[in-house]
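Step one of this worksheet: look at the structure below.
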Amino acid sequence: MRVPLIVKVGTFALAVMGVYAYYANSIPQIQSTLPEELSLEGGNVTPEQLVKAGEGIFKGKGTCEICHRIGQKGTRAPDLAGIGAAAAKRKPGMSAKAYIIESLLDPGAYLVEGYPGIMPKVDRPPIGLNRSELWATVAFLQSMAGTVDVKLDDIPKTAGAVVGAEGAAQGAELKLPGDPKAGQVVFMGKGACIACHKAGAIGASPIGPDLSQIAKIQTPEYIMAKILDPAGMGTVAGYPPNLMPPTLGQTLTAKEYIDLVSFLLTLKGEASAQAPAASKR
Amino acid sequence: MQLDVIKSPSGPMRNFQTRATLLLAGILLVVAGPAWAQGTPGGQTEAYRSFPLIGSRLAVWGAAQLHLYFAAFILGVPMFAIIVEFIGWRTQDTRYDWLARQFMKLTFAAYSATALLGGLLTFIFITLYPRFFGYLVEIFGPTMWMYAGLFFVETFTLYLYYYGWDWLSGPRKGIHLGLGVLLNIWGTILMFVANAWLTFMMSPSGVDEAGKLTSLWGAIYNPTWMPINVHRLIANITFGGAIVAAYAAFRFLGARTDEERAQYDWMGYVGNFVAVSSLLFLPFAGYWLGREIYAFNQTMGITMMGGFMSWLWVVQAILIGVLFIGSNYYLWLGMERIPGSERYRPYIPYLVMILAAGFIVWATPRSMVATLEETRAMGGTHHPVLGVLGVMSAKNTAVNLMILTTFVSFLLYRRANRVATVSWVRSGMTAQWIIMGVAAAVVTFYGVYGYFVESIVRIGFSVYQVLSVLAAIVCVMAIDFPMFRRARSTGAIRWGQIAPRSQYVLILLAVSFTWLMGLMGFARSGIRQHWHVYGILRDTSPEAVTPALGYAANMITAVTAIFLAFVVLIFWLGGLGERGAKG
């Protein structure tokens, strides 16, 4: 039987593409995943947990490993082995902790001789580490031949603020048709959130993370999803897993849910934590 | 000579109606897009919607890649159609006019598919990524109107150019050529406008830290806009040439008469010649683009070359190697149908060796994402021996020498059936070899010297390497033209008497070009990782993961196969008119 030309040519073309696809499938497969937001604010985190979290950021979201090596001389960036101790000697009068924080937030302030000034500010996009992540990263760097003594308050409050169109979308453009005051009532009453969470001037329970700045450090999508699917959205480091009830999506009415989210979105730190008038009574 | 035109009286009107509908839909999209993207009356924008079965990402990926393939084709083919038509006009060789018209017939058929896919892509953006599209409209709204207007103008210029072929012949041929030039200008501007949108996503500028527009021109003229413009301009010519050559190959393999075989053999040669000629300039444009990406954002550049995408360049190297070796092989096979070419056969093994060596260097990776165990086994982050070949110094040297080798192959092909008769032939040939030798020496010198200087100095060396190769090509041809002007012929080229496997090489080249375009599109888009607009608008959809190379390769293969199937369908439809004309 004579094979039609179109079949011959088509088979040939598919075979060529098949070889390329096979080759591409047979070499190491690396995918770039969406970096997860780490939130440690208000939590009782041990130095070990902090260092471990920082190592994860160093190798993942922080993309530090692209240029920095530990125990090997790199061509793009200095070797970070022993940086916890070496950092104290880099700039006269500056502690190791202060130097590391400065290096992350303003890398151009001091350049190690022989290396180009190519490092981006890690709290700005595209890396965009938040304060918790900066805190953990500093702890990890300090742990290399140094003493882990960094506190969350050492990280400037202005660091890690969300910028860009996304930030604008989160801040100015997101207008939920909910009532924050009613949401606070849900927080304190039917939702029973107050049993575990602090929210600005409201509540004091240390069982769950302090939510006083939740609107500043998390996206609305995260907050909304966390209420509906607490386990699916992960557990904040330092807190026991599976404590948050998974049934809020069923027990709250739609209005209560929107009100609660609206309330949580007012929690932006010191100034806004006491925003709801209800709490001032 | 058979000239193919769409004879059906309803054809043009049907085409016009299709395009008019598409244009109307396009304009409605641009107008309604922002309003649609606003979402609910409360002003809340829904960021993402889901596409059934395959998900939003695959839907947008498939539509975008298909649209780009067709767009590249309809932009690339008219560029050399006009060159070929011009040659035919000047030489009065009707074959060239026939060829240009054949090219345009294929473009014409692909035009509707391009517009349809563009409309589909816009619909997908509006419905599945409303917040992202709304943001793009906020920034580029005025340019979208401009795009729609230009589309009108380009369409009508195309009608005039194609349907006016006979009317504007003879003494009015100059006007026809002018229309062809105009058509290419509109097409190029259209591409530049669309490029502004996609390059803004990679390297946004003209906006403040909150992503608000501060300068529309700043957003358009962002750091990667011009390198992408130039790169795509050249790549489109290469792509168009390769597809036309593949079409000719297909027709050659199915030809029933010697005349047909001769016709399509010649068409395949010209298509491939245009493709390879422009291919030689692509690596330079690629380096420029790479340099601008590094200059814009080091992290992005390093992610591209040394981060999770580092293995992609190994795959690219394989394809580049196939393209260079395939192009040369086609020329060598073509020499078999040229009487007198036997005297050049002894050189071919040496050319093969240079190409193979260049291919090996080009395919050697430098930076790899490796596990600690792998790193330890290598004795460092780079392999002690192969790592030396992985740096840009070695790669620049390799690719420049491969380009020079391909040029030598072409030179041998060009003079295969000609013996120069000018008195200065000996000194002319000596001068040519010296020029090429000097170029190779300059390329090698800067390649080696590059290991001993800082990277910022090394980057500058690539310019010297490129210039020396280009200068050598220009100088050698400047000698070659007068040297072979009154050359003695050793026999006419026996068009049509080429081995059938040569036609499969042309198909291989077209498939490889198409697949490579898909791969590079993935690289360009993938280096943004989880950002719609890098550093400005984050991708927070459930599909924000940038997939691994294998997954991407499967997707590229699927889309390329669909595209090639579409092309075959379009060619078949084009052939229907031809069959009808033959009666």
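For this structure, a couple of remarks:
Table: residues versus (1) without any contact (Cβ under 8 Å) to a residue 12 or more places away in the chain; (2) within 26 Å of the chain's Cα centre (by Cα); (3) open to solvent by 50 Å² or more (accessible area, probe 1.4 Å).
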{"site": "B:447", "(1), (2), (3)": "no, no, no"}
{"site": "B:453", "(1), (2), (3)": "yes, no, no"}
{"site": "B:467", "(1), (2), (3)": "yes, yes, yes"}
{"site": "B:480", "(1), (2), (3)": "no, no, no"}
{"site": "B:487", "(1), (2), (3)": "no, no, no"}
{"site": "B:494", "(1), (2), (3)": "no, no, yes"}
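- Matching residues, segment A:218-231, being open to solvent by 30 Å² or more (accessible area, probe 1.4 Å), part of a helix (DSSP H, G or I) and modelled with pLDDT under 80: A:221, A:222
- Whether a residue is under 24 Å from residue B:288 (Cα atoms) and more than 14 Å from every other protein chain (Cβ to nearest Cβ) was assessed, and residue B:413 does not pass this test.
- Considering B:522, B:513, B:571, B:563, the condition of being farther than 19 Å from residue A:18 by Cβ and within 24 Å of the chain's Cα centre (by Cα) is satisfied by B:571 alone.
- Scan of segment B:514-533 for residues that are within 11 Å of another protein chain (Cβ to nearest Cβ) and in a helix (DSSP H, G or I), ordered by number: B:514, B:515, B:516, B:518, B:519, B:522, B:526
- Residue ID - nearest to the other protein chains (Cβ to nearest Cβ), chosen from residues in segment B:313-326 that are among the β-branched types (Val, Ile, Thr) and touching a residue at least 60 places away in the same chain (Cβ under 8 Å): B:315
- Verdict on residue A:115 being over 22 Å from residue A:214 (Cα atoms), open to solvent by less than 50 Å² (accessible area, probe 1.4 Å) and touching a residue at least 12 places away in the same chain (Cβ under 8 Å): yes
- Condition broken by residue B:214, with the remaining ones in (1) modelled with pLDDT of 90 or more; (2) buried (at least 21 other Cβ atoms within 10 Å of the Cβ); (3) among the hydroxyl-bearing types (Ser, Thr, Tyr) satisfied: (2)
- Residues satisfying the stated conditions in segment A:119-156, i.e. open to solvent by less than 20 Å² (accessible area, probe 1.4 Å) and closer than 28 Å to residue B:201 by Cα: A:122, A:123, A:126, A:127, A:128, A:129, A:130, A:131, A:133, A:134
- In this structure, residue B:244 does not qualify as among the aliphatic types (A, V, I, L, M), more than 17 Å from residue B:69 (Cβ to Cβ) and touching a residue at least 40 places away in the same chain (Cβ under 8 Å).
- Failed criterion for residue A:22 (all others in (1) open to solvent by 60 Å² or more (accessible area, probe 1.4 Å); (2) aromatic (Phe, Trp, Tyr); (3) touching a helix residue (DSSP H, G or I) at 6+ places or on another chain (Cβ under 7 Å); (4) more than 7 Å from chain B (Cβ to nearest Cβ) hold): (3)
- Here residue A:74 meets each of (1) without any contact (Cβ under 8 Å) to a residue 24 or more places away in the chain; (2) out of contact with any Cys (no Cβ under 9 Å at 6 or more places or on another chain); (3) within 14 Å of another protein chain (Cβ to nearest Cβ) with one exception, condition (2).
- Selection count, segment B:522-556, where residues are open to solvent by 20 Å² or more (accessible area, probe 1.4 Å) and among the small types (Gly, Ala, Ser): 1
- Residue check for residue B:268: more than 23 Å from residue B:537 (Cβ to Cβ) and over 15 Å from the mean Cα position of the chain (by Cα): yes
- Taking the criterion of being more than 19 Å from residue A:10 (Cα to Cα) and of a type in the set (A, V, I, L, M, F, W, C), the residues of segment B:500-536 that qualify are B:517, B:519, B:520, B:522, B:523, B:527, B:531, B:533, B:536.
- Test for residue B:575: is it within 11 Å of chain A (Cβ to nearest Cβ) and without any contact (Cβ under 8 Å) to a residue 12 or more places away in the chain: no
- Here segment A:27-52 is the region considered, the condition is being touching an Asp or Glu at 6+ places or on another chain (Cβ under 8 Å) and open to solvent by less than 40 Å² (accessible area, probe 1.4 Å), and the residue that is nearest to the other protein chains (Cβ to nearest Cβ) is A:38.
- One residue stands out in segment B:280-312 among those that are open to solvent by 50 Å² or more (accessible area, probe 1.4 Å) and in contact (Cβ under 8 Å) with a residue 40 or more places away in the chain: the one that is farthest from residue B:221 (Cα to Cα), namely B:311.
- Figure legend. Inter-residue proximity from segment B:220-239: first residues farther than 20 Å from residue B:327 by Cβ, second residues among the aromatic types (Phe, Trp, Tyr) and surrounded by 21 or more Cβ atoms within 10 Å (Cβ to Cβ), beta-carbon distance below 6 Å, spacing 6+ or different chains. Indicated pairs: B:222/B:200.
- Of the residues making up segment B:100-114, those that are charged (D, E, K, R) and touching a Leu at 6+ places or on another chain (Cβ under 8 Å) number 1.
- Residue in segment B:535-561 that is modelled with the highest pLDDT, counting only those that are more than 7 Å from chain A (Cβ to nearest Cβ) and more than 22 Å from residue B:202 (Cβ to Cβ): B:558
Conditions (1) more than 14 Å from chain B (Cβ to nearest Cβ); (2) under 30 Å from residue B:388 (Cβ atoms); (3) of a type in the set (A, V, I, L, M), marked per residue:
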site: A:78; (1), (2), (3): yes, yes, no
site: A:83; (1), (2), (3): yes, yes, yes
site: A:95; (1), (2), (3): yes, no, no
site: A:105; (1), (2), (3): yes, no, yes
site: A:119; (1), (2), (3): no, yes, yes
site: A:126; (1), (2), (3): no, no, no
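- Filtered residues of segment A:93-133 (kept if within 23 Å of the chain's Cα centre (by Cα), of a type outside the set (Val, Ile, Thr) and assigned to a loop (DSSP other than H, G, I, E, B)): A:106, A:119, A:120, A:121, A:123, A:124, A:125, A:126, A:128, A:129, A:130
The values are calculated or read from the model by the stated rules, or taken from the named source; none is laboratory data. What you are looking at is a predicted structure, and each value in this text was computed from that prediction instead of being measured. When we count neighbours, we look across all protein chains shown, and the Cβ atoms used for this are built from the backbone with ideal geometry, even at glycine. With ligands, DNA and RNA removed, areas are computed over all heavy atoms of the protein, side chains included. Shrake-Rupley method; radii C 1.70, N 1.55, O 1.52, S 1.80 Å.
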